[in-house]
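Visitor: Below is a structure I'd like to ask you about.
The values are calculated or read from the model by the stated rules, or taken from the named source; none is laboratory data. Model, not experiment: these values are computed from the prediction. So basically every Cβ, Gly included, is an ideal-geometry build from the backbone, and we count neighbours across all protein chains shown. Calculation scope for accessible area: heavy atoms of the full protein, side chains included, ligands and nucleic acids excluded. Shrake-Rupley method; radii C 1.70, N 1.55, O 1.52, S 1.80 Å.
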Amino acid sequence: MKYDFKQIEPKWQKKWEEDNAFCAEDHSSKPKYYTLVEFPYPSGAGMHVGHIKAYSGLEVVSRKRRMQGYNVLFPIGFDAYGLPTENYAIKTGMHPRAVTDKNIEKFTSQLKRVGFSFYWSRVVDTTEEDYYRWTQWIFLKMFEKGLVFRDTALVNYCPSCKVVLSNEDSQGGKCDICHSDIVQKSKAVWYLRITEYADKLLEGLEEVDYLPNVKQQQVNWIGKSTGAFVNFSIKELDEKLRIYTTRPDTLFGVTFMVIAPEHPIIEANRDKIKNIDALDAYREECAKKTEFERTQLVKDKTGVRIEGLTAINPVSGKEIPIYISDYVMMGYGTGAIMAVPAHDERDYAFAKKFGIDIVEVIKGGDISKEAYAGDGEMVNSDFLNGYTNKKDSIARMIEYLSEKGIGEMGVQYKMKDWAFNRQRYWGEPIPIVHCPACGIVPVPYNELPLKLPTVQHFEPGEGGESPLAKIDEFVNCKCPKCGGAAKRETDTMPQWAGSSWYFLRYIDPHNTEVFADREKLNYWLPVDWYNGGMEHVTRHMIYSRFWHKFLYDLGEVPVAEPYAKRTAQGLILGPDGEKMSKSKGNVVDPNDVVDVFGADVLRTYVLFMGDYGSAAPWNESSMKGCKRFLERFADLFDLVKGEGVTPKLESAIHKTVKKVSLDIEELKFNTAIASMMGLLNEIYDVGSITKDELTVLVRLLSPFAPHLCEELWEMLGGEGLCSLAAWPEWDEAKTVDSTVEVAVQINGKVRATVELPVNCPAADAIATAKANEKIIPLIEGKTVVKEISIPNKIINIVVK
RNA sequence: GCGGGUAUGGCGGAAUUGGCAGACGCGCUAGAUUCAGGUUCUAGUGGGGGCAACUUCGUGGAGGUUCAAGUCCUCUUACCCGCACCA
């Protein structure tokens with residue numbers, strides 16, 4: 001058969017659409033299977049081949065599941081709110097709505113050309129009123145339950161994007177969107193109390209099937225640590241200075257304290273501090289530094305002693321100095337630490353620089369040279385002396401602290417509450433009203449959606465205020481509570497809001513009464529398999545698990561964890577081995593590949609190029625191998641003869657069906673395709689195949705190259721669509737050969753191979769080996785020390 | 001610094017989990033077909049030695065366990081990813 005992809009690909013895509021072939025039924029007697037891929041952000045650049053790889057994995061799984069008789073939901077949508085679109089709109093003068101529509105159209109046409117079996121009737125777009133109405137609804141529910149709060153705090157602020165960023169969006173001190181240095185700024189911020197769900201997010205990981213590194217990254221991100229809070233008395237004040245420590249058992253080694261430059265105790269006691277000018281100077285210096293600079297100066301410790309305030313070690317009663325230093329962060333723990341220079345590297349460096357006493361409380365190191373962080377016997381510690389086990393000494397100290405009312409056990413998380421507002425236009429309006437009389441008032445549920453006004457100018461304000469603040473008809477409103485004049489919140493939600501629950505909307509995308517019908521949620525949840533990029537493991541994944549768990553606690557969804565299984569694909573690198581990017585000019589457009597090679601070749605190649613979870617460079621000449629494979633596969637049609645196949649080939653077919661079936665489940669697409677290539681070579685060696693056997697192979701290949709396989713299926717007289725035909729079964733008995741070739745080693749080196757019946761008894765196997773003409777001279781005249789026969793694998797004869 | 005990972009031909013990568021290293025594909029070499037080719041076909045292709053059957057070395061490096069190690073153990077080097085003054 002001539003492989004004319006330009007003719008057959010549009011033909012079958014049209015047919016699938018006409019037949020509604022990939023429809024997911026809400027009420028079906030078939031078992032359900034929900035496969036989810038991360039919906040794209042529709043950027044102006046269009047899709048690149050990385051998107052194709054990201055979707056091809058579960059595309060194959062979804063197609064296989066349908067053929068196995070499952071009712072499959074494999075949806076797609078668009079995560080369309082966000083800064084790149086808005087920035088592009090500002091630059092070009094187009095409205096973000098128009099830009100978004102145009103980009104979605106482009107993405108849709110690209111996806112359709114590849115022949116993905118998405119169920120297109122359930123597309124969601126996070127920027128549509130019908131969708132963000134429910135994003136706002138969930139926000140209001142969180143508000144109602146006390147999970148939304150407003151605080152004025154130091155926030156990460158990007159001076160270039162003019163926007164407040166969450167902790168997650170400012171990793172490494174750089175803006176996640178434009179990569180400028182971020183600065184700390186004091187601002188009124190809306191927070192979602194995600195820390196309240198820290199333990200649930202952690203515990204939930206035990207019941208899900210995520211890749212180990214995905215789990216690990218989430219555990220690290222949540223960053224739970226247990227220790228103790230301890231209150232230190234200040235000689236000159238009535239108030240206490242509260243610290244957090246993971247090693248309360250080293251309290252006898254505390255020789256000074258350090259607080260963050262922003263710690264409120266300074267402002268509160270300016271009159272008692274003798275060197276307030278020096279402190280102010282230092283604090284001003286710190287404020288000027290970006291977070292990035294601050295974390296760069298790891299080696300060189302700076303700080304100023306607070307003159308006029310003296311702390312008292314609560315267990316030894318000794319007076320100790322207090323310093324301010326920027327190595328203590330206001331954002332973690334209590335913003336104050338007890339310093340144990342003998343057993344903490346940072347405290348050690350600080351103590352050395354400022355000439356502070358270093359008291360050893362754990363034996364095992366040499367504290368004249370460096371801090372010792374290891375385990376050992378407790379010394380200089382009164383009632384803890386002689387303890388050698390860290391766990392016991394900590395427990396004993398916490399017990400003591402509780403008895404005396406000095407402190408108590410405590411837990412801390414690295415994860416911080418989620419800063420949830422952005423001073424930009426292209427996002428969901430936050431449904432809150434500020435009333436001079438009533439304060440903060442939520443927009444009533446029946447007024448949702450609170451629509452984003454259509455305006456011509458949406459540049460951010462110079463002072464960092466939202467573009468919406470300039471729109472009087474939006475801002476001015478009546479208080480829903482008292483009816484008086486009030487003003488709307490003008491900030492919008494961050495990009496991560498819409499994507500935090502989109503998998504729920506796919507279940508019932510056109511519902512106007514609720515975000516999704518409960519019966520349908522019961523049927524479809526949880527997502528059986530979610531695949532996406534590693535870059536979303538600590539943001540989108542954590543956020544959406546948080547929202548889902550919140551909805552679960554509300555009783556709105558039937559399961560506690562949204563995703564039963566999570567895997568990740570590796571990047572496609574440019575032909576130069578570098579990460580694909582517009583600026584490097586190494587981006588490959590899937591449309592170009594489809595034009596020249598066809599969708600089936602593209603699909604096969606992105607899965608064949610290497611391990612699915614690892615990064616691999618794009619290599620066009622390597623793709624030719626896939627092209628040849630599909631062409632030669634198409635030509636099998638001309639080899640069809642009625643005569644039956646040899647037992648050897650029949651066995652090879654059963655082995656291949658088994659291998660492909662199992663490999664798909666483990667995302668080992670490269671070896672699945674390799675085994676089909678190997679089988680193809682065998683068939684060509686034989687020179688013929690029967691029609692029945694070919695229909696098996698066509699079905700086996702169809703998840704990878706569905707257009708070609710539909711065409712062959714039709715030519716072979718198959719019933720209905722190949723995409724919905726039964727997945728081929730293998731006969732285990734036929735995957736086992738009657739004889740095997742076994743290698744014969746002498747002293748561990750292969751010297752011959754012998755043909756043996758399967759599961760040949762060891763004695764017979766060794767006898768056969770010893771009778772082999774190549775082996776005889778090698779053992780003649782020597783003493784046989786040991787004979788090993790591993791059935792069906794190897795024979796090793798040890799001689800001296 | 002902490003956490004996770006990787007290292008196999010000229011290249012992408014296989015290896016049933018301790019059992020013939022290099023499947024499959026690219027590339028390369030030689031030959032055939034073709035006016036031509038980003039065509040197709042045949043044979044070969046880890047390094048060294050040999051006309052050859054064969055032989056020897058070989059999975060980042062150094063040791064070790066074992067009849068047998070890419071795979072297990074100890075040490076070590078390089079690179080990648082995530083977090084990072086987290087108390």
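Residues checked against (1) among the hydroxyl-bearing types (S, T, Y); (2) in contact (Cβ under 8 Å) with a residue 60 or more places away in the chain; (3) closer than 25 Å to A:L602 by Cβ; (4) out of contact with any Gly (no Cβ under 7 Å at 6 or more places or on another chain):
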{"site": "A:I8", "(1), (2), (3), (4)": "no, yes, yes, yes"}
{"site": "A:Q13", "(1), (2), (3), (4)": "no, yes, yes, no"}
{"site": "A:H27", "(1), (2), (3), (4)": "no, yes, no, yes"}
{"site": "A:L36", "(1), (2), (3), (4)": "no, yes, yes, yes"}
{"site": "A:M47", "(1), (2), (3), (4)": "no, yes, yes, yes"}
{"site": "A:V61", "(1), (2), (3), (4)": "no, yes, yes, yes"}
{"site": "A:F74", "(1), (2), (3), (4)": "no, no, yes, yes"}
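Visitor: Additional query: So is A:G410 under 35 Å from the mean Cα position of the chain (by Cα) and assigned to a strand (DSSP E or B) or not?
Guide: Yes: the conditions hold for A:G410.
Visitor: Is it the case, given these coordinates, that A:V785 is more than 27 Å from A:A652 (Cβ to Cβ) and either open to solvent by 80 Å² or more (accessible area, probe 1.4 Å) or within 10 Å of RNA strand B (Cβ to nearest atom) (or both)?
Guide: Answer is yes for this residue.
Visitor: Let me ask something else about it. If A:H434 meets every condition in (1) open to solvent by 20 Å² or more (accessible area, probe 1.4 Å); (2) part of a loop (DSSP other than H, G, I, E, B) apart from one, which number is that one?
Guide: Status for A:H434: all satisfied but (2).
Visitor: Is it the case that some residue within the stretch A:192-205 is open to solvent by 50 Å² or more (accessible area, probe 1.4 Å) and farther than 23 Å from A:Y413 by Cβ?
Guide: Scanning the stretch A:192-205, I find no residue that is open to solvent by 50 Å² or more (accessible area, probe 1.4 Å) and farther than 23 Å from A:Y413 by Cβ, so the answer is no.
Visitor: On to the next question. Within the stretch A:553-562, restricting attention to residues that are among the charged types (D, E, K, R) and more than 20 Å from the chain's Cα centre (by Cα), which residue is surrounded by the fewest Cβ atoms within 10 Å (Cβ to Cβ)?
Guide: Ranking the qualifying residues of the stretch A:553-562, first place goes to A:D553.
Visitor: For the condition assigned to a loop (DSSP other than H, G, I, E, B) and farther than 18 Å from A:E207 by Cβ, what is the one hit in A:V588, A:V601?
Guide: A:V588
Visitor: Residue pairs, Cβ under 6 Å, 6 or more apart or interchain, first in the stretch A:334-350 and farther than 13 Å from A:I259 by Cβ, second of a type in the set (K, R) and within 8 Å of RNA strand B (Cβ to nearest atom). List them.
Guide: Correct list of pairs: A:A349/A:K301.
Conditions tested, residue by residue: (1) more than 14 Å from RNA strand B (Cβ to nearest atom); (2) at pLDDT 90 or above; (3) closer than 23 Å to A:M534 by Cβ; (4) not hydroxyl-bearing (S, T, Y).
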{"residue": "A:P212", "(1), (2), (3), (4)": "no, no, yes, yes"}
{"residue": "A:Q218", "(1), (2), (3), (4)": "no, yes, yes, yes"}
{"residue": "A:S225", "(1), (2), (3), (4)": "no, yes, no, no"}
{"residue": "A:K240", "(1), (2), (3), (4)": "yes, yes, no, yes"}
{"residue": "A:T290", "(1), (2), (3), (4)": "no, no, no, no"}
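Visitor: Please work out if A:E236 is more than 11 Å from RNA strand B (Cβ to nearest atom) and open to solvent by 70 Å² or more (accessible area, probe 1.4 Å).
Guide: So A:E236 fails the test.
Visitor: Which residue, of A:D176, A:D181, is free of Cβ contacts under 8 Å to residues at least 24 places away in the same chain, within 15 Å of RNA strand B (Cβ to nearest atom) and either among the basic types (K, R) or within 28 Å of A:E489 (Cα to Cα) (or both)?
Guide: A:D176
Visitor: Let me ask something additional. Among A:V258, A:V208, which is the only one that is farther than 25 Å from A:A153 by Cβ and modelled with pLDDT of 90 or more?
Guide: Of A:V258, A:V208, the one residue that is farther than 25 Å from A:A153 by Cβ and modelled with pLDDT of 90 or more is A:V208.
Visitor: Please go through the stretch A:331-355 and pick out each residue that is crowded, with 18+ Cβ neighbours inside 10 Å and either assigned to a loop (DSSP other than H, G, I, E, B) or among the aromatic types (F, W, Y) (or both).
Guide: Scanning the stretch A:331-355 gives A:G333, A:T334, A:G335, A:V340, A:D344, A:Y348, A:F350.
Visitor: Further, regarding this structure: Hey, among the residues in the stretch A:618-638 that are near RNA strand B (Cβ under 7 Å from one of its atoms) and either among the small types (G, A, S) or within 15 Å of A:Q569 (Cβ to Cβ) (or both), which one's modelled with the highest pLDDT?
Guide: The residue in question is A:G625.
Visitor: What are the residue pairs meeting all of these: first residue in the stretch A:592-611, first residue within 12 Å of A:K53 (Cβ to Cβ), second residue within 11 Å of RNA strand B (Cβ to nearest atom) and among the aromatic types (F, W, Y), Cβ atoms under 6 Å, and 6 or more apart or on different chains?
Guide: Cβ pairs passing all conditions: A:L607/A:F669.
Visitor: Do we find a residue being more than 22 Å from A:R242 (Cβ to Cβ) and within 14 Å of RNA strand B (Cβ to nearest atom) anywhere in the stretch A:335-346?
Guide: yes
Visitor: Taking the stretch A:675-706, which residues are part of a helix (DSSP H, G or I), more than 16 Å from RNA strand B (Cβ to nearest atom) and crowded, with 24+ Cβ neighbours inside 10 Å?
Guide: A:V698, A:P706
Visitor: Give the residue, chosen from A:I766, A:I795, that is part of a strand (DSSP E or B) and either open to solvent by less than 50 Å² (accessible area, probe 1.4 Å) or touching a residue at least 24 places away in the same chain (Cβ under 8 Å) (or both).
Guide: Selected residue: A:I795, the only one of A:I766, A:I795 that is part of a strand (DSSP E or B) and either open to solvent by less than 50 Å² (accessible area, probe 1.4 Å) or touching a residue at least 24 places away in the same chain (Cβ under 8 Å) (or both).
Visitor: Could you please give the count of residues in the stretch A:120-160 that are among the hydroxyl-bearing types (S, T, Y) and surrounded by fewer than 19 Cβ atoms within 10 Å (Cβ to Cβ)?
Guide: 3
Visitor: Follow-up question, since we're still on this one. For the stretch A:720-733, state whether one or more residues are touching a residue at least 12 places away in the same chain (Cβ under 8 Å), more than 16 Å from RNA strand B (Cβ to nearest atom) and more than 30 Å from A:K2 (Cα to Cα).
Guide: Among the residues of the stretch A:720-733, at least one is touching a residue at least 12 places away in the same chain (Cβ under 8 Å), more than 16 Å from RNA strand B (Cβ to nearest atom) and more than 30 Å from A:K2 (Cα to Cα), which makes the answer yes.
Visitor: Run A:E360 past the list (1) open to solvent by 10 Å² or more (accessible area, probe 1.4 Å); (2) part of a loop (DSSP other than H, G, I, E, B); (3) more than 27 Å from A:I322 (Cβ to Cβ) and report the number of the one that doesn't hold.
Guide: Result: A:E360 passes all but (3).
Visitor: Continuing with this model, one more query. Restricting attention to the stretch A:212-248, and to residues there that are among the aliphatic types (A, V, I, L, M) and more than 15 Å from A:R545 (Cβ to Cβ), which single residue is farthest from the chain's Cα centre (by Cα)?
Guide: Among residues in the stretch A:212-248 that are among the aliphatic types (A, V, I, L, M) and more than 15 Å from A:R545 (Cβ to Cβ), the one farthest from the chain's Cα centre (by Cα) is A:L237.
Visitor: For the stretch A:639-661, give me the residue count where each residue is assigned to a helix (DSSP H, G or I) and either more than 10 Å from RNA strand B (Cβ to nearest atom) or touching a residue at least 24 places away in the same chain (Cβ under 8 Å) (or both).
Guide: Qualifying residue count, the stretch A:639-661: 15.
Visitor: Another one. Only residues that are under 38 Å from the mean Cα position of the chain (by Cα) and either within 9 Å of A:F252 (Cβ to Cβ) or open to solvent by 80 Å² or more (accessible area, probe 1.4 Å) (or both): list them for the stretch A:374-402, please.
Guide: A:D375, A:K390, A:K391, A:D392
Visitor: May I pose another question? Suppose the filter is in contact with a Leu (Cβ under 7 Å, 6 or more places away or on another chain), more than 9 Å from RNA strand B (Cβ to nearest atom) and open to solvent by less than 50 Å² (accessible area, probe 1.4 Å); does A:A599 pass it?
Guide: In short, no.
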